[in-house]
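Structure first, then comments.
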Amino acid sequence: MPSPLLPSSLGSAEGRNPPVVRRPVIEIADLDFHYGTSQALHDISLSIAEKEVTAFIGPSGCGKSTLLRCLNRMNDLIDGARISRGAIRIRGVDIHQRDVEVMELRKRVGMVFQKSNPFPKSIYENVVYGLRLQGVRDKTRLDEAVETSLRGAALWDEVKDRLHASGLSLSGGQQQRLCIARTIAIEPEVILMDEPCSALDPIATAKVEELIHQLKLRYTIVIVTHNMQQAARCSDRTAFFYLGKLIEFAPTKDIFMTPSNPQTEAYVSGRFG
Amino acid sequence: MADTSKAPSFPITKRRLRFFGLTSDELVQLFFRGNAMVSVLVLALITLFLFREGLEFFGQNQQNLQVYRRAGLDYVDHMRWQEQDHTALNRYLLDVRMKVMADLTGRGGLSVEAANQRLEAFDQYSIRFDDAIAPLRGLVSELSETASAIKTKYYINEDKRTERRQLLAAGRADEAARVEVIQVDFARELEPILASRDAYLAINRDLARELQELASAARAVPGVPVERMDRFGTLVVQYVGGFPQIEQRLATWDYREDVSLLRSFSAFIFGRQWLTASFWQDWYGVLPLFVGSLMVSMIALTLAVPLGVGAAIYVNQIASPTEQRLIKPCIEFIAAFPSVVLGFFGIAVLGEFLRSISGAAWLDWVPGFPLAERLNALTAGCLLGLIAVPTIFTLAEDALQNVPRSFKEASFALGATRLQTIVRVIIPTALSGIISAVLLGLGRVIGETMVVLLCAGNRIEIPDFTAGIAAFFQPVHTMTGIIAQEMGEVVRGEIHYRALFVVGIVLFFLSLTINFTAQKILRRYRQQPL
Ligand SMILES: Nc1ncnc2c1ncn2[C@@H]1O[C@H](COP(=O)(O)OP(=O)(O)O)[C@@H](O)[C@H]1O
Ligand SMILES: [Mg+2]
């Protein structure tokens, strides 16, 4: 499938046909993004497939987080941040339209952050937070949600005896899985993960990665990572960004085995970044 | 340090300039340590001074209460209170008359003369009621004079004793010898008072009989509402029912009984009167001042907590940067006002304003409205609230600022609205910080002096809490206010002077407790945010 490197394709994503993504959930088209006057993303177009793991890789500051945060409009919280061109469609709906209810969008597109950030509440309350926001009061429903979500986040066995202990009393890896449990408790369609393992030790990282494999069966996952092996291990497709531009987007094994772009190759082989 | 006379093989020592054997580093350290020590020392000295000046009060008050008993004032007071209770009943009758009068001339459309005519029988009754107390009143005033005289005599002799002691100390023995001091013999002096007992009992018997008659005649008095007169009858019967108890107390009264230090202490803490420079007897009861301080502070907090915390939440969580830049300095600027200026504003503007709106018709339902006094607990409380706002605002804003941004992001990412995020995550996380902000605001308010002195109305009396919410519209006096007001006019070392110091100690402990609690809450919050 990958064509040999052609001189004309150097430095651009058009060198190869963008991968045909079946049943795309998210479609990003010609996206430009600005923080105030500085442009952080240049003309990004890519599609994210259902129930796959899509990884964003690239050197620091290349705009991975920015793009990720566009997907559930977390950038709305930042003054001066705006999309200046293009559109993001999730299941065909432009999420930046005026009549989009951001809260509803975020219920469908959950997010796990780089630094684990459980609320200073009990484990139980952390998990049911999103449900309580939606006005769920039924105790049995909440209890069920806690168990399924914690099981889903592979944390249940470790915490089932102390659900009412503070979420902050958990270890770093457990906290991150608690954040994942909290996110899946409201049953989103898409889960965005921004370097979820960068603050974790290798064992905790392995657990989260294993979790990602399971989550893939039910959710569409977009993960930003610094860790090349992680992208290789977890993801189905990988997008490589550099200086706010999408350089290459292809099935993961192609990106790592036969990158079509020399910059991609240089990055995945560890020569810069 | 190392000996530098011979060249070392491993040259790492250096000759340093020394002052008094200290290097410059050590000098700087000493300077800072000195500064810290001075602060600690000054604090210790102030505390020590406060206690040294204050604690002697209790001994003096014990003496004060002892003389009160020895000189028979205590004895006479029992009768005096009996007389005062009668006066209160008299006031009840006056009130009945006023209401009826207003009714007759107002709705009834009668002329004043005609109305007076209608009330002729009632007036007769009132006069008879008033006359009944005359014998007791005579006796009380007679005995009061005697008791006062004994007390005066005692104190004059005490003064002389002091004078002689001072002269002796100054080595002027002959002058000292000329100062004549006698021992006041209370037993003999009290004889006339105690001898009056039979006369008192006789008077009491007549009084009881007369009042009983009046009580049963009460409901038959024409021209006034029967229910009110019925009530009056009951009150009179109750009043008369208390006579035997008074007689009993007088019978067992003994001037030799000692007043304990504990009694002196409880008379201060639970005393309901703060009465100084009186002709009869001085009382130093902190309760009315304490209640006044507390009430004013409560009003202030009721106002300042929603304002301060609300503003902090708004500025920290909702306001745009421009608004933040505008609001924050404005609120903090309130703190820059000298409180005397605020007090002035309170007298000139706020008091007047509150009184005029309290007169508005649509506020008629509020008990105590329209306000009788321009300066009262409410006026002072409102201004104190204003003073507490910057403290509460600044500290609460700090607490909110300390909530990690990641909590907010996590909440939003789970689909929360801004309001939900504030209520469910931000405020609970910052809660201990907010509580301690409120406590420190309370500390600020309790210690505030100028505003309460100017605006609280300065009536030394426990507000009448039976009036319900209207109690908050009565003038009060406060602990800080009384110190500021009276400290200038007392003689150093005197009981009154020391009493003010004890009030200071009470304030000191109150502030200490509040600050300590606030610190404790803050510390717990820093250690384990939950
Ligand atoms: N809040 C912000 N305000 C202004 N510039 C930002 C902000 N966040 C990120 N940037 C800039 O946008 C670019 C992309 O940042 P980011 O998306 O965080 O990169 P990555 O996640 O790939 O490391 C960087 O140059 C960064 O400096
Ligand atoms: Mg990033």
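The values are calculated or read from the model by the stated rules, or taken from the named source; none is laboratory data. Given the structure is predicted, the values throughout are model-derived calculations rather than measurements. FYI the Cβ positions are ideal-geometry reconstructions off the backbone, even for glycines, and counts take in every protein chain you see.
A few comments on the model shown:
- Those helices (runs of 4 or more DSSP H) lying entirely in the range B:381-451 with at least 1 residues within 14 Å of another protein chain (Cβ to nearest Cβ) and buried (at least 23 other Cβ atoms within 10 Å of the Cβ): B:405-413, B:427-447
- Residues satisfying the stated conditions in the range A:52-83, i.e. of a type in the set (A, V, I, L, M) and either within 11 Å of ligand 1 (Cβ to nearest atom) or buried (at least 24 other Cβ atoms within 10 Å of the Cβ) (or both): A:53, A:55, A:57, A:67, A:68, A:74, A:77, A:78, A:81
- Those residues of the range A:73-92 which are of a type in the set (S, T, N, Q) and either within 14 Å of chain B (Cβ to nearest Cβ) or closer than 13 Å to residue A:26 by Cβ (or both), in sequence order: A:75
- Tally of residues being away from ligand 2 (no atom under 16 Å from the Cβ) and more than 13 Å from residue A:59 (Cβ to Cβ) across the range A:239-256: 9
- Any hit, the range B:156-174, residues being over 22 Å from residue B:64 (Cα atoms), of a type in the set (D, E, K, R) and at pLDDT below 90: yes
- Considering the range A:158-177, the residues that are surrounded by 15 or more Cβ atoms within 10 Å (Cβ to Cβ) and small (Gly, Ala, Ser) include one that is farthest from the other protein chains (Cβ to nearest Cβ), namely A:173.
- Residue check, residue A:204 over 21 Å from residue A:218 (Cα atoms) and within 16 Å of ligand 2 (Cβ to nearest atom): no
- Residue match in the range B:61-82 (condition: loosely packed, with under 11 Cβ neighbours inside 10 Å and outside any loop (DSSP other than H, G, I, E, B)): no
- When residues of the range A:178-188 are limited to those that are in contact with a Pro (Cβ under 9 Å, 6 or more places away or on another chain) and at the interface with chain B (Cβ under 9 Å from one of its Cβ atoms), the one nearest to residue B:406 (Cα to Cα): A:179
- Residue list for the range A:156-207, restricted to those being more than 16 Å from ligand 1 (Cβ to nearest atom) and small (Gly, Ala, Ser): A:165, A:166, A:167, A:169, A:171, A:172, A:173, A:181, A:185, A:204, A:206
- Just one of the listed residues (A:65, A:60) is within 14 Å of chain B (Cβ to nearest Cβ), farther than 22 Å from residue A:254 by Cβ and not charged (D, E, K, R), and it is A:65.
- Entirely in the range B:135-253, the helices (runs of 4 or more DSSP H) that have 1 or more residues that are aromatic (Phe, Trp, Tyr) and surrounded by 15 or more Cβ atoms within 10 Å (Cβ to Cβ): B:186-195, B:197-217, B:226-241, B:243-252
- Of all positions in the range A:37-48, none carries a residue that is touching a residue at least 12 places away in the same chain (Cβ under 8 Å) and within 11 Å of chain B (Cβ to nearest Cβ).
- Filtering the range A:112-126 to residues that are touching a residue at least 60 places away in the same chain (Cβ under 8 Å), in contact with a strand residue (DSSP E or B) (Cβ under 9 Å, 6 or more places away or on another chain) and at the interface with chain B (Cβ under 7 Å from one of its Cβ atoms) leaves only A:113.
- Yes/no for residue A:259 being away from ligand 2 (no atom under 16 Å from the Cβ), assigned to a loop (DSSP other than H, G, I, E, B) and either over 23 Å from residue A:91 (Cβ atoms) or over 15 Å from the mean Cα position of the chain (by Cα) (or both): yes
- Given (1) in contact with a helix residue (DSSP H, G or I) (Cβ under 8 Å, 6 or more places away or on another chain); (2) part of a loop (DSSP other than H, G, I, E, B), number of the condition residue B:278 does not satisfy: (1)
- Subset tally (residues that are within 16 Å of ligand 2 (Cβ to nearest atom) and assigned to a loop (DSSP other than H, G, I, E, B)) for the range A:51-72: 7
- As a summary of the residue check, residue B:284 satisfies the conditions (1) surrounded by fewer than 17 Cβ atoms within 10 Å (Cβ to Cβ); (2) touching a Ser or Thr at 6+ places or on another chain (Cβ under 8 Å) except for the one numbered (1).
- Residue match in the range B:302-323 (condition: of a type in the set (A, V, I, L, M, F, W, C), modelled with pLDDT of 90 or more and closer than 16 Å to residue B:459 by Cα): no
- Residue match in the range B:188-195 (condition: assigned by TED's automatic domain parsing to the domain that holds residue B:125, in contact (Cβ under 8 Å) with a residue 40 or more places away in the chain and of a type in the set (Asp, Glu)): yes
- Hits in the range A:73-89 (condition: away from ligand 2 (no atom under 15 Å from the Cβ), within 19 Å of residue A:193 (Cα to Cα) and out of contact with any Asp or Glu (no Cβ under 8 Å at 6 or more places or on another chain)): A:73, A:76
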